[in-house]
1. Condition check: modelled with pLDDT of 70 or more and surrounded by 10 or more Cβ atoms within 10 Å (Cβ to Cβ). Does ARG40 satisfy that?
2. Hey, does region 45-63 have a residue that's charged (D, E, K, R) and at pLDDT 90 or above?
3. Identify the single condition in (1) part of a helix (DSSP H, G or I); (2) exposed (fewer than 10 other Cβ atoms within 10 Å of the Cβ) that LEU47 does not satisfy, given that it satisfies every other one.
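The values are calculated or read from the model by the stated rules, or taken from the named source; none is laboratory data. Here the structure is a predicted model, which is why all the values come from computation and not from measurement. Glycine also receives a Cβ, built like all others from the backbone with ideal geometry; neighbour counts cover every protein chain displayed.
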Amino acid sequence: MTQSVIHSHAHPHAHGHSHSHAHGPAAPHPAQPARWSILRMPVTTRLGAALAASAVLWVIVILAMR
């Protein structure tokens, strides 16, 4: 015996996602606060990171020339 069941998917409850946007569909998304920025690092930390990156790149160059 075969039964047909008609199920309407139009129901008001949410499925865990939101459809609320604070801007229009053609407008760009608003800026989000940066979690990390190199500009907020102290100068000594930036200098150390630059020296470490430079050392890694020199090691790659020296190994490639062998």
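1. no
2. Going through region 45-63, the residues charged (D, E, K, R) turn out to be 46.
If we keep only those that are at pLDDT 90 or above as well, we get 46.
Checking region 45-63: at least one residue is charged (D, E, K, R) and at pLDDT 90 or above.
3. (2) is the only condition that LEU47 fails.
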